[in-house]
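Asker: I'd like to ask some things about the structure below.
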Amino acid sequence: MGEQSVEEQFNQIADQYDQWFETEQGKVVKELELKALLEILGDLQGKTLLEVGIGTGLFAMEFRKLGAKVYGIDPAEKMLEIARSRGFEVKFGYGEQIPYPDNSFDITLSMTSMENSKSPEKFLQEMVRVTKPNGKVVVAVLNLFSLYGIVRKIKGLFNKDDLFREMHFYTYWELNRLMKKYLCDVSTNSSVFFGPFAPKFILKNAHKFENFGRKYLKPFGALLVSAGRKC
């Protein structure tokens, strides 16, 4: 029996995908990641936003609450069904071939999706293409040089069915270089500086660790968040 495709893996876990974010650690991680995203996204009121790899629409719901008109694409049909049930206008599609015309959106966002792309430059070029002139392109990816990244990669070595096994985790410098190749005014930050086995006292003080990490350990957060302007 061959290895499952990324789409098949995500279709299998679609119904359980959001559950981790309801755990004690998952709630903290979501809060920190969302804070980092919103800081870099800026004012969303009245903006059109395309999420490339919208998944279940978990984060998209937060953007909608802040006034964005959110659209989405994803290659996993089961994930799309959930996003559609949450009221989002979604299409089946891949980041390397986004099914929208040029200059369609004020903001184009990809949240932990480019890691699955075999052609990240094409993925980013497509995001830029569908963004309006002077619009914003935001890419969030998993960081290889983080506690979460190291643990996930080690687990993947011993489990051929692990979701993270074939993903390309990025480094701060690699993502920054890629973004600057196609965008202007690029800014890159990171979030979540503890690991998957963080004790409760760290979770309770997560915002203190976050402030310290973003000041002194910027390249080493679990989630890298980078934004640039379409030139």
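Asker: Given the criteria over 17 Å from the mean Cα position of the chain (by Cα), among the charged types (D, E, K, R), farther than 30 Å from Leu203 by Cβ and buried (at least 17 other Cβ atoms within 10 Å of the Cβ), does Lys91 qualify?
Answerer: It is false that Lys91 is over 17 Å from the mean Cα position of the chain (by Cα), among the charged types (D, E, K, R), farther than 30 Å from Leu203 by Cβ and buried (at least 17 other Cβ atoms within 10 Å of the Cβ).
Asker: So, one more: So, of the residues in region 1-32 that are in contact (Cβ under 8 Å) with a residue 60 or more places away in the chain and in contact with a Phe, Trp or Tyr (Cβ under 8 Å, 6 or more places away or on another chain), which turns out to be nearest to Ile202 (Cα to Cα)?
Answerer: That would be Val29.
Asker: Given the structure, is Ala36 within 17 Å of the chain's Cα centre (by Cα), surrounded by 14 or more Cβ atoms within 10 Å (Cβ to Cβ) and touching a residue at least 60 places away in the same chain (Cβ under 8 Å)?
Answerer: So Ala36 passes the test.
Okay, residues lined up against (1) at pLDDT 95 or above; (2) touching a Lys or Arg at 6+ places or on another chain (Cβ under 8 Å); (3) aromatic (Phe, Trp, Tyr):
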position: Lys180; (1), (2), (3): yes, no, no
position: Cys184; (1), (2), (3): yes, yes, no
position: Pro199; (1), (2), (3): no, no, no
position: Phe212; (1), (2), (3): yes, no, yes
position: Tyr216; (1), (2), (3): yes, no, yes
position: Pro219; (1), (2), (3): yes, no, no
position: Ala227; (1), (2), (3): yes, yes, no
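Asker: Filter region 39-68 down to residues that are surrounded by 15 or more Cβ atoms within 10 Å (Cβ to Cβ) and among the basic types (Lys, Arg), then give me how many there are.
Answerer: Within region 39-68, residues that are surrounded by 15 or more Cβ atoms within 10 Å (Cβ to Cβ) and among the basic types (Lys, Arg) number 2.
Asker: Scan region 56-83 and report the pairs whose first residue is of a type in the set (S, T, N, Q) and whose second residue is surrounded by fewer than 22 Cβ atoms within 10 Å (Cβ to Cβ) and part of a loop (DSSP other than H, G, I, E, B), with Cβ atoms within less than 9 Å and a gap of 6+ or a chain change.
Answerer: Thr56/Arg86
Asker: For region 143-212, list the helices (runs of 4 or more DSSP H) that sit wholly inside it and hold at least 3 residues that are surrounded by 14 or more Cβ atoms within 10 Å (Cβ to Cβ) and in contact (Cβ under 8 Å) with a residue 24 or more places away in the chain; which are they?
Answerer: 147-158, 172-182
Asker: So, Asp18, is that one within 22 Å of Leu109 (Cα to Cα) and surrounded by 13 or more Cβ atoms within 10 Å (Cβ to Cβ) or not?
Answerer: Judged against the criteria, Asp18 is a match.
Asker: Identify the single condition in (1) of a type in the set (Ser, Thr, Tyr); (2) touching a residue at least 12 places away in the same chain (Cβ under 8 Å); (3) surrounded by fewer than 21 Cβ atoms within 10 Å (Cβ to Cβ) that Tyr216 does not satisfy, given that it satisfies every other one.
Answerer: Going through the list (1) of a type in the set (Ser, Thr, Tyr); (2) touching a residue at least 12 places away in the same chain (Cβ under 8 Å); (3) surrounded by fewer than 21 Cβ atoms within 10 Å (Cβ to Cβ), Tyr216 breaks only (2).
Asker: Next question, about the same structure. Quick check on Gly46: is it free of Cβ contacts under 8 Å to residues at least 60 places away in the same chain, under 17 Å from Glu7 (Cα atoms) and not in a helix (DSSP H, G or I)?
Answerer: It is false that Gly46 is free of Cβ contacts under 8 Å to residues at least 60 places away in the same chain, under 17 Å from Glu7 (Cα atoms) and not in a helix (DSSP H, G or I).
Asker: Continuing with the same structure: I'd like the full set of residues that are under 23 Å from Leu34 (Cα atoms) and not in a strand (DSSP E or B), limited to region 121-142.
Answerer: Residues satisfying the conditions are Phe123, Leu124, Met127, Val128.
Asker: Which condition number in (1) over 18 Å from Ser187 (Cβ atoms); (2) under 16 Å from the mean Cα position of the chain (by Cα) is the one that Thr23 fails?
Answerer: The one condition Thr23 does not meet is (2).
Asker: How about region 103-115: which of its residues are surrounded by fewer than 22 Cβ atoms within 10 Å (Cβ to Cβ) and either out of contact with any strand residue (DSSP E or B) (no Cβ under 9 Å at 6 or more places or on another chain) or in a helix (DSSP H, G or I) (or both)?
Answerer: Glu115
The values are calculated or read from the model by the stated rules, or taken from the named source; none is laboratory data. The model shown is predicted, which means the values in this text are computed figures rather than measured ones. As a convention, Cβ positions derive from the backbone with ideal geometry for all residues, glycine included, and neighbour counts pool all protein chains shown.
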